[in-house]
Structures are given as structure tokens and as C-alpha cells.
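Here's the structure, in C-alpha cells; my notes come after.
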Amino acid sequence: MNIGKASLPDRTIVRIAAHLPDLIVYGDFTPERPSMEYFDGILMFVDISGFTAMTEKFSTAMYMDRGAEQLVDILNRHISVIVEKVLIFGGDILKFAGDALLALWKVERKQLKNFITVVVKCSLEIHGVFENQESEEGLDIRVKIGLSAGHIKKLVFGDEKSYFLVIGQAVEDVRFAESMAQMNDTILSPNCWQLCDRSVIEIERIPDQRAVKVNFLKLPPDYNFDEFFMRCMAHLDYYPSGDHKNILRLASTLESDPQLEISLQKYIMRSILKQIDDKQLKGYLSELRPVTIVFVNLQFKGQEAAGDIGQAIQDSSVYIDSVLKNFKGQINKVFMFDKGCSFLCVFGFPGEKAPDEITHALESAVVIFDYCSQIFKIKVVSIGVASGTVFCGIVGHSVRHEYTGMIGCFTSGWNRGVQSCSCPSHCKVVGQKVNIAARMMVCYPGIVTCDSVTYSNCSLPSYFFKELPKRHMKGVAEPEPVYQCLGLNEKVLFGMSSLSCNRQEDYPLLGRNKEIRLFLHNMKEFLLSQSSKVLMFEGVSGYGKSQLVSELGYLAQAEDHRVIAIGLTKVSIHWYFHTIQLLMASVLGLDTCKHYKERQHNLEETVKNYLDEKLYCILNDIFHVQFPLTREACTMTGAKKEDKIEALFMNVLKETSKDEKLIFIIDEAQYIDITSWEFLEKLIQKLNVFLIMSLSPFTNTPCQSAIAIMKNRNTTYIIIGEISSKDIRSKVCLDLNVASIPKELEMYLVEGSCGIPFYCEELLKNLDHHKVLIVHQYQPEEKSKVSWHALFKNYTKPQMNINLFSFSSKEDRIKVCDIAPGVRLKNMSPPSTLKEISLVQLDSMSLSQQMLVRCAAIIGQTFTTALLFEILPCWNMKMMVEALATLVQSSIFYCFQSQKELRLAAKRRGATREVHHRSMALKASSEIEGREEDQPYVLENEVTQCHILRFCKPIMQKTAYELWLKDQKAALHVKCARFLEESAHKCEHCGSGDFIPYHHYAVDIRLNTLDLDTVKKMIHTHGVKRTKEVFTNKERLSKKSDVLTDDLSPEKIGEKILYFFDITLDKITAADEILIPTESCQCQEAYLHLCEGEKLLQSRKHDKSWCHTFESAIFYTLKGQVSFNVGQMVLAKKMMRKALKLLKRVFPYNCISVLLQTHVEKSKHAFHISQQGKDICPPGKRKLAQLHQQISCLSSLWQIYSLDYACHYKYFAHLASMMQVNSALETQNNFQIIIAYLDYSLHSQLAGYQGLWFKYEVMAFEKIFNEPLNRETVEIIAYVAEKLSYIKYIMGYLDLSIQLGFRAHGMWQLIKDPNRHCFVLQRLTVALFLKNRYQKMMEVMDWMWSFASVEEHAISQGLFYDICLDILLYGGFIYRTFEECLEFINDQEDNKILKFHSGLLLALYSDVAIWFARQEQWENFQVFYNRAKKLVQRKTPSVLYCSGFSKFMECQVLCLQKQIQDQMENVQDIGVELLKTLENLVAQSSTGPIFHPRIYHLMAYVCILMGDEENCNLFLRTALQICDIQGNVLEKIWLTISKKWWYSDKVSEEDSWLQIVLRLPRWSEIQLDENKIKAVEQNKFRFKITIM
């Protein structure tokens, strides 16, 4: 019995045979159906106990952990052991049912005695395997076994598909025996005990039962069981022996036999046959998916003969199969117990998903019930329908298994406590869906029942169902409501025709303004004309058609209008004249009558003038009345009756339309029956009616009348599409009754819904169901404590003019929505309703395409072809490209050639709509039939060129992802991680190095463990270029002695530096090989994964290694940089200090420590300076990584401290800048040293250390000389030019800043770094603006716009429009209109990139606020002033922030003037505080001198408002002096005009801003005329004088 395992052949017939028992594989394939075979044998029923508790444990984990996967894995491991034992002992596995199986030993009757002994031995060995075994989940797993023996009948039935059952007393006995067993028991049925060899079986009697319990085999000591066993096996025809003795099952060696293969295929489900034919890997067949279960139970009359039962089962199975086939349902299993036969039918198996599956299942259940109830010998038909997620996949062993759609079992206690239960016991089911269907079938016999999920999600109206009283159902702890499906009855339909969607008074219809305007236009034409109008709205399910027509019905109401609205269902199309019946019932007022007599009375009053009384009875069937039948009516032909009814209806409508305008609204018009279409066609030709329809695309060719209506000259056909992201946002706020939602939630819903309202609603319901959303009172930012996790809590407001959504001064009353802590929306499982839609589309694909989509889903919503190819199992490139081309054409994927193209596509998300006037008449007939838009064929070579793909709908990605089992997902994620690890470096544009300098030297990563050859191969394969190999240019830069000499004055040094930049720029331009690829840098995307990475790092919090400490320091540094960029300086300082502590560079906390540390750093600095030029061993790679992080932290720290007004903080700033220089010198890296020198120079100038700044600028410049002309050197030079231009600008040296700015622009233009280039252009433009060099300034503005629009760079666009607003406010002419600037600000308000640049947003909001204040539009001013006020707290040491803050102060000054004018209280105190703030701004070291003239100008205005002329004159003189020093022409002219205006007795109305705005010229009007350019200098705003 020591049978080993041999490799099995991979033939199709072998794979098919693994799904079937030997009883079928080696059986007789007679065509007769039903066929019956009689034989003797032994049955073993094995039930694994303990899975009930395990199911309960794992059912709670199904949402996130996918507990079903773990349960399936454990179940299969245990069943495999049992299968092996049964096969070794010669058994044949007949059926699997989740955690149970039924086995057969087919033998002659005279061999039963010996074989019972063999089977008992087998059962004892099975018990032995489980006796001392405990599962890894800590649950006790045992088996219960029942044995029976005797006569058995095999029934084969079916037609196109074949099924088999074993029936007879032995089958009932084995079920009875197993039901009596406890854990570790083997029970022999009475007949089995009679037939066995009692001398070798020790048993225990069961009280009051004839069945017995087996204790053990009592074999004699000298008994050779192996010899006995082999003698027994010789009597089995298909037991492996001889050459096949080492295999478990002889069917595993079947040779190809086409005829046998065809015969066996009839027993296999369609879905598994497809996957076998496609040679899918076994592991990929298993998945979790939503399905609908239909359990059909047939109870037979009395003691029927097997032949009679067989014919009834045959008739039932053929009909059930034919019904299911129409809707892609399948019979999964057939069972026979207690003279009852049960069919387990499944809708939605892989590859078989159909739209509206639940409705199809209910319809199928009803027609099956009706048919089977009429079959002779069937006493009771009971059907239960349930919907939910189940496991679909292989259960069993590699040589014998079955494909199932659930995990169930023949449980031992299925009938204990429920005496009437005849359920075939598929009760232990993950998700409980098969259990519920089976229990409903048993507890509610003789009807069709469904669970609450099925009831809620089907498309049948609620009046098709009746809620039943709750009954106890075993295995269902808290039963939900159960409903009876009443079937399709026309009388039920009558009077139930209201619209499915009711209009809500306080809920506006979003995103359909264009459709409403079109309706109002058509309505106006209808009222003015004497002809009919037809308005048809087509859209797929979920687009809000019902809401739209409901809104139109409301808008159509008027005093003389008769609006009749009906909603159809899919059953409406099957009933003759049904739509017209409903319409006329409403016209005649019959739909509200409670009794047929009332309807009959109303009809008599209405039709007496149009119809002979003798013919009233022809209305009986239409309106369900009971007029007496007459001979005249009975003798009329059907056609004549129809003509009479049509004429009657036309006359009634004609008479009605004389007094009222008839407006008919039909929702779901695709369900209009043919006769109703014909009547409507005649109606719009003869009468003046307005017909409004909403419909889904026709699945079949519409009838001729429908086509004629579509072609009618008065028909307008609208294809409605998605709504915009702004409307989705507003919809969510309305649904939640909040003023705003988090940006993360908005993105999740906008992307997930794809602009489809129904998708949005379902996603929102799903979030609410899982308690993800928290609604609370809004807390303004200045009142809340800022933390890292709250930093990104960006609330977004809906774009609607509703009071609820305006952030007013009463902010504490406003409710906002937040996401529950610890929830990551992108990992949320989508709702089952949306999964169903995606699965329908997924199952319509070929299996290979499904595999590709599922693999792509592992990577994410966006993926690259390279990574996809890496994880596809056994694919070649051609296969992948062919499949991708098909899927792109089918709108499963979008394809892009670059990240830029992807970003552009993401921005173009708006509402869609198509309007066709008489459109159907303009299309070919073939297009009318299908009305499918032509889609361009996506050629394979186009897909080959696209390196990036994206799922068209995120729901498809999530659905496909969740089809994988947990272990499969883990394995594929590992594959992805290995591939991505090799590409974890900067893009080529940025030098292909580490994102964190020297990072891979500092921490242990996989590449360090590989040999050099492997690394080289990986580099070659994935295109990672090493910096040394990129540049081959041998030219070097000039030597120091050629440019700078010791006797040069500062002015001469400046000239030499400019000359050096010029010649370097010429060399760079000439050296083509060092130019960078034209695609812009994409490394900024890496910051999006910061929080993700930190969570992974926290999972290793107990790791105390150096690598882990360094990684933690990196995260604190990066978080500090992010906080620094968004202006959260307190948080940034905290993060930087933590990082420095981990990097062994502690920064002091108090002044004494600062002074001591400063002394130490000065000594270090002197030492490092003295060591320059000497041959010193450079620090190791780990030390370098540490030093680079220190430099980054210290650079931010000195800037943070320079923002503080407190005088002692300048010592902290000075120490941080010196520590930065020392760390940079320690690296011996010229780039780092230059950065540190220039930072120290800037700090020195801002802090007033006049003797230092020039020295360090020269030292920085000297570091460049004699360097090789390569990429790194080019970046260093460009950085130096940019930094010097920045320093000179902020210090007020405008001419030198402009000269340096042009050089920096030239270099960054070649390097193509948009993040630096945009700021260079912005500072250059502003410097030219201050100099009044308008011609040159406009040239740079054109560069800037070209750069911003081509790159689609949000920051560049923001900088551009900021300057455009400055030109409007201070330049005196128009370059871009105010409306265009305002549109940009509103559109980009929630741009996640702009939100990182609070200084830029502050400047933009302040600009707009100033504009409205000058226009005296104070309400609009307040809106943007409040936005700017929120950003003021986010101080950043940047030019943009200083510029924005100075403009914000101008807002406050203008506001002060308004308060004085309105004679507000405490205005004197407000003015004093404002003056102090302005004085502090001048004193603050981070505010560069370039802003001083504007600040002094504002201080002068505040003084004149407060009546202090002396200080006003002082500030004016100071401002003018600074302007002369700096060459600030713009401010000087404005100051001169202000001085003249304030002290002049004559005030002209023409000089008011309201008049100036009207005469502002466009740049195109003045650019060629110097005199006109000179004239605009007078178009300056005059500060109004209102002295308090």
C-alpha cells in the first residue's frame, strides 16, 4: 500500500478526468436519457468537523483579510489527505461538497464482506491522520464517517449537459450513518453491519439504533493484511497496478481519445471547460466573486419507483438547463437525499457573468417553479435565491477534484432540530449564501423565496415581492428579511407605473444644466407651435436619466399643462399595449381607483361619447374591468378590436388636448412594447403632444415605429454622459449634508465614479456602511493644532452657490466630513453592485485577456508595459501586445507614451453630452440597429510605443485585484517589488542616482547582495546608466587664474563672473553630448509615497540597527521639508531637530548652548578651511549619506529661525548656517560646499553681517574653476547663476540680478528642469518690471507662458498669472485680463502642487483681493482676503511669501481706509497695530530690502490716514531714497504720484481707479509706441484719503 507520487501527463483528457469519478470516466456512455445502472457497492461519507467554528472566525475577516482564502487553503489541505487515503484503498470519489465528500467502492455482492473490512481500515487511517493534529489557527479539526453497503443505482440524465446521481437505500443509509457520528467516529449502517465480517470488527452498540460504531479492527496476530488487501484490489478493474502502481489514480494516465473526451466534456461545466481549453494554470482558477445562487428542491410523491423518479429528474434538469443557459447560469451540483432531488444553480461563474444577473436569476426561478410544479410525480417545488460573494475554484486533490462555487458540506446535523428539513446540507458556507438559499428552500416550501440582498439589488419593482414572516433557520444566527417572488402578473403591474425616482425639493439636479436648457428651449417651441415635440435622452444605467426626467416633469408643470409620467420595467416589453395602457389609465384617472367598479364607473362617464355601449367589454382586459360580454364584441376580430381601441384613445386624447397641453414622460422607454411604439408614432403625427423619454441603449434592433420616431423631424436625441468632477464634489457634499470634504475623499470618489452619479452613490454608501466617514464641526486652521497627519487634510468645497457651502464668519457652525483614522481609501473594497458591472465586462473577455487584466490590477491603476510583462505567467511579448491592443480598443485601458501625456489626460475630466437633431435619420440602418459608435482600431505598433497604461475605470482594477487569492497576490507583489527595486533610482534627466544621496550605500538593499555580473546585467537590461558613462566630453572650464586675479575690485569681479557665465554657456550649447533628454523631470512624484513608506518603516520599529535609524532620520528630514514648503514652520523645525538628533548632529535648544556651540563650530570651520587643498582621505559612503542629510536639515533650520522677530533667534540662524557650511566642507563635495557658501552669504546679508557675504560669494565661485564640463558641473554653474541672481534681487541690486538671471535662464533652458527654471523666469520678469523695462519684460513673459503651457506646469502657470495681476494692479496696462486670471485661480484652487507653495497662493489671493478692494466690491474682497488670511500663518523664507505678504498688508491698508470711511469703532487702535506690523516687517531679517519701498509706501499711507503728516513725509522720503539706490523705477513713479495726490487740493474723478480701469490699454495696443508705454506709467492707483 506504499503508493508513491509520480508526475502526471498534462493532457486535456487527464485534466477533464480529474473532475469526474471513475464511475463516469469508465462508464457506459449510452445516449439514452435518463439511463439507470444497478450495481452493489460500499459508500463512505466523510465530513470534516470543526469548519463551522472556523467559518465563523474567518467570516469576520472577509472584508480586508479575505478569510475565505485561508479557509479554502486549510480545507484543501485536509481534503487532499482524505482523497489520497480513499484512492490508496481503491475508492472512487463520487462528489465533493465543500468540507465533505462521498466515496464509492463498486464491487460484486459476494465481495462486499471483504471490502467492508478494507473500507473500515481506510476510515480508521483517516481518523488516525486527524487524531493528534491541530490546525495552525488553533481550531480542533476532526472527521466523522458514515459507511453503508448494498444495492446502488446510478442515474444519468440531462441533454446537452449530462449529470449523474447515485440513489437507493444505500445512499439514504450512508447519510443516516454519518448523521449519527460524533467527532472521530465511524458508523456502520444496519445493512453494512449485516454484510460485514463481524469477526474482525470490534463495534459499540448505539442505544435504540441498529447502526453500530466501529472501535477498531481485531485482526489475528498472524494476519497478513497487505496480502488480503492486494487480493481485494485485484477485483477492482481500475486500481493502479503493474507499471502504474506508483500513481494514485489510473485515470491520470488516460491516453488521448477524442470520442471519450467529447463524452466526458458533457459532464463538465462550461466555465471550467473554457479554462481547461485555455490551459490556465490551476492556481489561477481560484477566486472570490459575487454570484447568485438558485437552490431548486423537488420533493416526490410517496414511494415512487426509481424509473418514475428518474424521468421526473430528467424532465426537470433539461428544462432547468435550457432556462439557465439563456442567462449564463449553470447547474453546479445535483444531490439526492430523503426522496428529494436538489439542483444547486449558480449565476456568475467566471466567464459567465451577465448584466442584471440577479433579475435573470429570479426570472429563471419563477419559470422553473411554474414548469416543475406541473411535472408528474413531483409533489412540491421549493426554490431559494441568494446573492453574495463566494469562493470559486478547485476543491480536492490534484488527481481528483471539482470546480465549485462555494464551500459547503453534507453536515451531520443538518436535520437535528428542524424535523421537516430535507436540505442537502450545504450549510457551512463562507459568506453563508448557499446556506441561506438552502435554508429558505426548506423553511418556506412550495414557493420561490429570496434574501434581502437579492431583493434590494434586482431591477424588478418592489410590488413583485411580498415580505414573509421570519422563521428560524439553522446555521443563520440573525436571519434577514425573506421575500416571496410573486411572479410576473399583468394585474400586479396595473396602477404601479410611477417614476422610479422621485424629485427631492431640497436636492438640486447636478451636472445637467445643458440638458435642462435644451428641454426649456424645446418646451418653448412646443407651446408656440402646433406640432408635436419628442425629446429622447439616452444613457447607460447609472447616469441619472430617471432623476433628469423627474426634474423635467417638475419644470413642465403649469396651469394649463397635463404632465403624465410613467416608469417602465423590463417586464413591460412582454405585455401587449402595456405602455399605452398605463398612459391612458393616468389620462382617464383610473390608476388611482381602488376597486374595479370605481374604474368601470369612470370609464363609462368618459367613453360614452366615443364608443358604443355594446363594445365596452373590449376594454375589460386593458383596464381590468368587468363590463358584460356582448355578442357584437365577441364576434369582432382581433384587428377590429385594436382599431376601435386606438380610435377611442385618439379621440379621448384629442379632446383632452383642447383644454390642456399634454406632456408625456416615459422613463426606461427601451421597454416600450411594439404595439405601444406603433400607437405613439401615430399619436405624434395626429396630435400636438410633447413626448419626453429616457432610455438605455437598445440591446436588440428597435422596431420600425421606434426608428421612425427617432428619425422624426421634431425629435431631438441626446446622449447624456458623465458629470464633471466639480458636480461630483457638490453631490457628495449634498448627500452628506456637509460644507466640504477632504481632498483624498474627493479624489477617491471622482476617480472611482468616473463621473457616473450611480457609481458615486454606491461608493459613498459603501464608505458609510463601513463607518469610514466622520462628520464634525469645522475647525479653522489657525485654531487647530497642526500635526503631520493633519497637514494634508485639505478640505474642498463644492462649486455651488448655496449658503450651506460658503465659509462665512460663522465657521464654527459649519459641518465638514473627515476620514476615520487609519483608513486608506485606495485599499477599500468596492461595493458589490459595482463589482457586478466590472465582472460582466471582465467575463466577456477571453481567458488570456482576463489574465492580463488581473495581472495589471496587481500593479495598480497605472502601470508600465515592462512591469506587466515581468509578472505575466508564461507569456511572450507578442501575446501581450496583441491582448493590450484589444483591451485598449475595448476601453479597458488608456495608453500613454509619457507621464506628461498621462497627467494631461487626468486633467481633462469634464461633463460629456451629445445632441443629435434628427440624428437617427442621418445614420445608416446598421448604425441605428446597434447605435454603437465607431471606435478606431488600435494598431499593435501604437501600443508597443506606449510605455504607460491606465485602467479606464478604477472599479475594474479593484474588482480584478480582489479576484486573486491572498497567496497569489503576495507572490505577484514580490515579483513586482523585485522588478521595481532594480529601477529604484532617479530618472535619466536627474542623473540616475539615488533619490537620497548615497542611500544604497547607507542601507542594506538587495542589489548589494548580488555579484557584480548580475548587477551589470540588470543595469544593461533596464537601461540604468551610470553617471561616469553618460558624459564623454573632455573639455574643462577655465582656470581661476584666467578669470580672477588678486588685485580686482568688487565691480571688476562682478564683470568677470558675468563673462565666465557667458563663455560657459557657449561651451554647454556647443557640447551636444552633455545635453539632457528633452522630457522633463518626473522625480517629484516620489514625494507622493512618503506617508506610505513611513508606515512600512514603522512596522520595523523594534529594529535598532544603524540602517533603521538612518532611514528614520530620512523620513523626518523629508517630512520637515514638506512642512517647510507648505509654511508649517513649527512642525518643520520639530522634524528637522528630530532628524539631526538621529544623525548625531544635535542642535541646541537654549541661548547659552547656542553660544557655546557657535564657538565650537567656528573652530571647526577654521580647521576645515585650513585643510582645503590638502590630500585628505574622503569620508566613507555611509558618512557621506549622513552628512548630506545634516546639510539638508541645517539649511532649512537657519531659514526657519530667520523668520522669527525675536532678536535672539538670529544667533540660532547664524549657528545653523555655520553648521551647514562645516558639514558641507566635511563632505569634500564641491556642489554641497557651493550651496552652503551661498546660503551663508545670503544669511549674512539679511542679518546685516556686511563683512562676510562678499567673501563667501567669491569662495563659492572659486570652487567651480577647473572642473570637467559634465552634467554635474553644468548643474552647479546653473545653480550658482540662479542663486546669485536671487541674492542680488532680494538685496535690491536689480541690474546685476537681471544680468545674472538671463545667464541662469540660458542654462536651465538647456537642462530643462521646470521646477527651477520657472522661478528664474519669475524673478527675472519682476526685476525687469521694477525697472520699467517693459519690452524686455514682455519677451520674458512670452518665454514664461510658452514654458508653462508646453510643460503643463502648474507652478509656472501660477507664477505667470501672479505677474499678470501685478501688471494690472501696478503696471497700468493689460497683458492678461482679470477674468482670465481669476478663472485660473478658481480652477487651480485645489491643485495639490500649488498647495505646497503657500507663498504663491498668498500672492494670488491678495492680488485678487486688492483688485476688488480698489473696485470697492467689498463682498468679493472679503472672500479672497479670508483665503489669503489663512495662508499668512504659513510663513516661508521665500521671495514669493514676502511678495504675497506685502500685498496682504496692502489689503489690510485698504481695509483700514474703508473702516475709517465707515467710522468704525477702535479704528485708531487698528491703525496703530497695522503700523507696528509694517515696521516689524522691515526689521525682519528674512524680508529682503527689495520689498522695503512698498512697505514704506504703505506705512506712509497709514500715517496720512491717521493724520500724521510728519511721519508720512519721513516714510515717503525713505522709500524714494531706497528706490534711487535700487533703481526701482516702478515704485518711485507710484510714490511720486501718491505724494502729489495726497498733498494736492485738486482731486479729479478721472484719476480714480474706477475710471483708470476703463482706460487700461492692452499690451498689443502700446507695444510698438514708446510714448504710449511712457503714458501708462500714470495709470497708477491713487490711495484715497479719508483722515480719521
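Odds and ends about this structure:
- Filter pass, Tyr1279 being under 30 Å from Glu1531 (Cβ atoms), free of Cβ contacts under 8 Å to residues at least 40 places away in the same chain and among the hydroxyl-bearing types (Ser, Thr, Tyr): no
- Odd one out for Leu1560, checked against (1) in a loop (DSSP other than H, G, I, E, B); (2) surrounded by 15 or more Cβ atoms within 10 Å (Cβ to Cβ); (3) modelled with pLDDT under 85: (3)
- Lone qualifier among Ile692, Ile720 - being of a type outside the set (Ser, Thr, Tyr) and within 30 Å of Pro742 (Cβ to Cβ): Ile720
- Residue check, Ile728 part of a helix (DSSP H, G or I), under 22 Å from Thr675 (Cα atoms) and open to solvent by less than 20 Å² (accessible area, probe 1.4 Å): no
- Of all residues in region 314-348, exactly one satisfies the criterion of being among the charged types (D, E, K, R) and assigned to a strand (DSSP E or B), namely Lys333.
- Helices (runs of 4 or more DSSP H) fully within region 562-631 counting 2 or more residues that are among the charged types (D, E, K, R): 596-607
- Of all residues in region 77-95, those that are over 12 Å from Trp105 (Cβ atoms) have Cβ atoms under 7 Å from Cβ atoms of residues that are open to solvent by less than 10 Å² (accessible area, probe 1.4 Å) and basic (Lys, Arg), 6 or more apart or on another chain, in Val83/Arg400.
- Out of Phe1302, Phe1254, sole residue that is part of a helix (DSSP H, G or I), modelled with pLDDT under 85 and open to solvent by 40 Å² or more (accessible area, probe 1.4 Å): Phe1254
- Unmet criterion (only one of (1) open to solvent by less than 10 Å² (accessible area, probe 1.4 Å); (2) closer than 30 Å to Glu287 by Cα; (3) not hydroxyl-bearing (Ser, Thr, Tyr)) for Gly340: (2)
- Selected residue (only one of Lys682, Lys658 is open to solvent by 40 Å² or more (accessible area, probe 1.4 Å), at pLDDT below 90 and either touching a Pro at 6+ places or on another chain (Cβ under 7 Å) or not in a loop (DSSP other than H, G, I, E, B) (or both)): Lys658
- Residues of region 81-112 that are open to solvent by 10 Å² or more (accessible area, probe 1.4 Å), assigned to a helix (DSSP H, G or I) and in contact with a helix residue (DSSP H, G or I) (Cβ under 6 Å, 6 or more places away or on another chain): Val81, Lys85.
- Some residue of region 161-168 being among the hydroxyl-bearing types (Ser, Thr, Tyr) and more than 52 Å from the chain's Cα centre (by Cα): no
- Enumeration of residues in region 446-465 that are in a helix (DSSP H, G or I) and not small (Gly, Ala, Ser): Val453, Thr454, Tyr455, Asn457, Tyr463, Phe464
- Long-range neighbours under 9 Å by Cβ, at least six apart or interchain, first residue within 19 Å of Arg1323 (Cα to Cα) within region 1440-1452, second open to solvent by less than 10 Å² (accessible area, probe 1.4 Å) and of a type in the set (D, E, K, R): Leu1440/Asp1362; Ser1443/Asp1362; Gly1444/Asp1362; Gly1444/Asp1407; Lys1447/Asp1407
- Leu555 vs. criteria modelled with pLDDT of 85 or more, open to solvent by less than 30 Å² (accessible area, probe 1.4 Å), of a type outside the set (Val, Ile, Thr) and within 23 Å of Leu734 (Cα to Cα): no
Every residue, every condition in (1) modelled with pLDDT under 85; (2) surrounded by fewer than 17 Cβ atoms within 10 Å (Cβ to Cβ); (3) more than 30 Å from Cys1442 (Cα to Cα), yes or no:
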residue	(1), (2), (3)
Lys1095	yes, yes, yes
Ser1099	yes, yes, yes
Ser1105	yes, yes, yes
Ala1113	no, no, yes
Gly1127	yes, no, no
Lys1138	no, no, no
Ala1166	no, yes, yes
Asp1175	yes, yes, yes
Gly1180	yes, yes, yes
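- Residues located in region 1492-1521, provided they are surrounded by fewer than 20 Cβ atoms within 10 Å (Cβ to Cβ) and not basic (Lys, Arg): Gly1507, Asp1508, Glu1509, Glu1510, Asn1511, Asn1513, Leu1514, Thr1518, Leu1520, Gln1521
- Residue that is under 31 Å from the mean Cα position of the chain (by Cα), modelled with pLDDT under 85, crowded, with 19+ Cβ neighbours inside 10 Å and farther than 26 Å from Met336 by Cα, where the choices are Leu460, Leu493: Leu460
- Considered as a group, the residues in region 505-534 that are open to solvent by less than 20 Å² (accessible area, probe 1.4 Å) and more than 35 Å from the chain's Cα centre (by Cα) include one that is nearest to Pro355 (Cα to Cα), and that residue is Val534.
- The single condition among (1) open to solvent by 10 Å² or more (accessible area, probe 1.4 Å); (2) over 47 Å from the mean Cα position of the chain (by Cα) that Asn1222 does not meet is (1).
- Within region 1305-1318, the residues that satisfy the criterion of being open to solvent by 30 Å² or more (accessible area, probe 1.4 Å), part of a helix (DSSP H, G or I) and in contact (Cβ under 8 Å) with a residue 40 or more places away in the chain are Leu1310, Asn1315.
- Between Asp173, Asp159, Asp243, Asp208, the distinction of being crowded, with 16+ Cβ neighbours inside 10 Å and among the acidic types (Asp, Glu) belongs to Asp173 only.
- Lone qualifier among Gln374, Gln280, Gln311 - being open to solvent by 30 Å² or more (accessible area, probe 1.4 Å), more than 15 Å from Gly158 (Cβ to Cβ) and either assigned to a strand (DSSP E or B) or at pLDDT 85 or above (or both): Gln374
- Among the residues of region 1319-1351, just one is among the small types (Gly, Ala, Ser), over 19 Å from Arg1303 (Cβ atoms) and open to solvent by less than 10 Å² (accessible area, probe 1.4 Å), namely Ala1348.
- Some residue of region 1426-1436 being crowded, with 21+ Cβ neighbours inside 10 Å, out of contact with any helix residue (DSSP H, G or I) (no Cβ under 6 Å at 6 or more places or on another chain) and more than 17 Å from Gly1292 (Cβ to Cβ): no
- Pairs with Cβ under 6 Å, 6+ apart, first in region 33-48 and of a type in the set (Lys, Arg), second crowded, with 22+ Cβ neighbours inside 10 Å: Arg33/Phe157
The values are calculated or read from the model by the stated rules, or taken from the named source; none is laboratory data. Here the structure is a predicted model, which means the values were calculated and not measured. A quick note on method: Cβ atoms are made from the backbone with ideal geometry, for glycine too, and the neighbour counts reach across all protein chains shown. All accessible areas refer to the heavy atoms of the entire protein, side chains included, with ligands and DNA or RNA removed. Shrake-Rupley method; radii C 1.70, N 1.55, O 1.52, S 1.80 Å.
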